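Presented below is the structure to which this report refers.
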């Protein structure tokens, strides 16, 4: 009984600590919700979309975006919430601040232990480096390779088992182009054989024939100046997403393989 007052004091102190902790947690969750709602309203997702680079925001909208990101960054443990941090990085990218976005994605990759979010961060880095041009293609390919290693179904752009990537040739608003090995032909001929693989960022769902109309048309006119299509398909055949085309490499004879 003599110790009861001290015990009540300790319990009250613990209660205040719990209330403070819960209050702080609610503040964190509120800032995260604000950031994610802003991304949803602006159609900016945790994973960068190449078309985001062509979006222009008004001065007021840009100010709201930067304020939301700043409030999130001021949270003492903001990187413990990788999905929200990915949204912040994507918003920075949409504003054209690729350096800030790059830092966010690198920190997420290094800090989180969840492969799903690490993979998205790596794929976002791939898209950032692609946008910067050929001088960054090696870094872009390294980031894509790591994204595929971490979460292959979500980030592979073509059949990399049949056509492993040798290097990145170029990219644009519609997709990217790789120089790849043709493993079946290399096995058959016992020497290096290259093909060019064109991958689309996105394709409209529907019948495959219209999606691959380009390859079918090129097959009819293939010649000295028009590469012959060799193969086509979907990186995700079940959902018919991420279409790709494979062409002979002779039209790129000037490339140093």
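The values are calculated or read from the model by the stated rules, or taken from the named source; none is laboratory data. If you're wondering where the values come from, they're calculated on a predicted model, not measured in any experiment. Glycine also receives a Cβ, built like all others from the backbone with ideal geometry; neighbour counts cover every protein chain displayed.
Remarks
- Qualifying residue in the stretch 213-220 (condition: under 27 Å from the mean Cα position of the chain (by Cα) and either modelled with pLDDT of 95 or more or part of a loop (DSSP other than H, G, I, E, B) (or both)): no
- If you check 141, 179 for being in contact with a helix residue (DSSP H, G or I) (Cβ under 9 Å, 6 or more places away or on another chain), outside the structural domain of residue 102 (by TED's automatic domain parsing), at pLDDT 95 or above and not in a loop (DSSP other than H, G, I, E, B), only one passes: 179.
- Note on the stretch 28-72: residues that are surrounded by 12 or more Cβ atoms within 10 Å (Cβ to Cβ) and in a helix (DSSP H, G or I) amount to 24.
- Of everything in the stretch 73-100 that is assigned to a loop (DSSP other than H, G, I, E, B) and in contact with a helix residue (DSSP H, G or I) (Cβ under 7 Å, 6 or more places away or on another chain), the residue that is surrounded by the fewest Cβ atoms within 10 Å (Cβ to Cβ) is 75.
- Checklist (1) within 22 Å of residue 246 (Cβ to Cβ); (2) surrounded by fewer than 15 Cβ atoms within 10 Å (Cβ to Cβ); (3) within 17 Å of the chain's Cα centre (by Cα) applied to residue 149, failing item: (1)
- Among the residues here, residue 189 does not qualify as over 25 Å from residue 109 (Cα atoms), modelled with pLDDT of 95 or more and over 17 Å from the mean Cα position of the chain (by Cα).
- Residue check for residue 135: outside the structural domain of residue 200 (by TED's automatic domain parsing), in contact with a strand residue (DSSP E or B) (Cβ under 7 Å, 6 or more places away or on another chain), closer than 21 Å to residue 198 by Cα and at pLDDT 95 or above: no
- Residue within the stretch 118-130 that is outside the structural domain of residue 199 (by TED's automatic domain parsing), part of a helix (DSSP H, G or I) and in contact with a strand residue (DSSP E or B) (Cβ under 8 Å, 6 or more places away or on another chain) present: yes
- Whether a residue is outside any helix (DSSP H, G or I) and either without any contact (Cβ under 8 Å) to a residue 12 or more places away in the chain or in the same structural domain as residue 129 (by TED's automatic domain parsing) (or both) was assessed, and residue 113 passes this test.
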